[in-house]
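Contents: one structure, followed by commentary.
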Amino acid sequence: EVAKALFGSIQLNVDIADNGESSVSFAHQYKYDVIFMDLHLPDFDGFEASRRIIESNPKQKIIALTADVFAKQNPRLIAVGIKDVLNKPLNITDLLDILNEHFPMI
């Protein structure tokens, strides 16, 4: 809910998936400019969900959401195709920095 409110505060439309399976299903059904993927999901982790999404759509941009301050150093990020990391607790400055880096025209 915090992420949804933060994204909404800058007029971004969002869909919220409750678990890894839902995130993969949404990604197959809809076209997203970017997916913000929590790395800790109830059924399978965000690494696996990201791998499955990128396997079917190699151009999909995925940004990891995590409280792990060392996540950017995790080789699994690159291996599954995650483009960047947004650390929790989420804040507007970090979100805007990530969006400006990956989508400079927005």
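The combined condition, being surrounded by fewer than 17 Cβ atoms within 10 Å (Cβ to Cβ) and not aliphatic (A, V, I, L, M), is fulfilled by residue 31. Here residue 71 passes the criteria (1) modelled with pLDDT under 90; (2) open to solvent by 20 Å² or more (accessible area, probe 1.4 Å) except the one numbered (2).
Close Cβ contacts (under 8 Å, 6 or more residues apart or on different chains) running from residues in the range 15-30 that are of a type in the set (Val, Ile, Thr) to residues that are open to solvent by 40 Å² or more (accessible area, probe 1.4 Å) and assigned to a helix (DSSP H, G or I) comprise 16/4; 24/52. In the range 86-106, the residue that is surrounded by the most Cβ atoms within 10 Å (Cβ to Cβ) out of those that are more than 15 Å from residue 34 (Cβ to Cβ) and of a type outside the set (Lys, Arg) is 87.
Restricting 62, 82 to residues that are touching a helix residue (DSSP H, G or I) at 6+ places or on another chain (Cβ under 9 Å), β-branched (Val, Ile, Thr) and closer than 18 Å to residue 15 by Cα narrows the list to 62. Specify which of the listed residues (104, 89) is out of contact with any Asp or Glu (no Cβ under 7 Å at 6 or more places or on another chain), within 21 Å of residue 13 (Cα to Cα), touching a residue at least 40 places away in the same chain (Cβ under 8 Å) and not hydrophobic (A, V, I, L, M, F, W, C). Being out of contact with any Asp or Glu (no Cβ under 7 Å at 6 or more places or on another chain), within 21 Å of residue 13 (Cα to Cα), touching a residue at least 40 places away in the same chain (Cβ under 8 Å) and not hydrophobic (A, V, I, L, M, F, W, C) holds for just one of 104, 89, which is 89. Residue selection: residue 83 satisfies the criterion of being surrounded by 18 or more Cβ atoms within 10 Å (Cβ to Cβ) and under 14 Å from the mean Cα position of the chain (by Cα). Do you know which of the residues in the range 1-28 that are more than 18 Å from residue 97 (Cβ to Cβ) and of a type in the set (Ser, Thr, Tyr) is most open to solvent (accessible area, probe 1.4 Å)? Step by step, filter the range 1-28, then rank; the result is 25.
In the range 46-69 there is at least one residue that is in contact with a His (Cβ under 7 Å, 6 or more places away or on another chain), among the hydroxyl-bearing types (Ser, Thr, Tyr) and farther than 19 Å from residue 1 by Cβ.
Inspect the range 50-64 for any residue being in contact (Cβ under 8 Å) with a residue 60 or more places away in the chain, under 19 Å from residue 19 (Cα atoms) and open to solvent by less than 40 Å² (accessible area, probe 1.4 Å) and give the result as yes or no. Within the range 50-64, not a single residue is in contact (Cβ under 8 Å) with a residue 60 or more places away in the chain, under 19 Å from residue 19 (Cα atoms) and open to solvent by less than 40 Å² (accessible area, probe 1.4 Å).
The values are calculated or read from the model by the stated rules, or taken from the named source; none is laboratory data. Only a predicted model underlies this, so the values are computations on that prediction, with no experimental measurement involved. Counting neighbours? That spans all protein chains shown, and the Cβs are built from the backbone with ideal geometry, glycine included. Just so you know, the surface numbers come from the protein's heavy atoms only, side chains and all, with ligands and any DNA or RNA stripped out. Shrake-Rupley method; radii C 1.70, N 1.55, O 1.52, S 1.80 Å.
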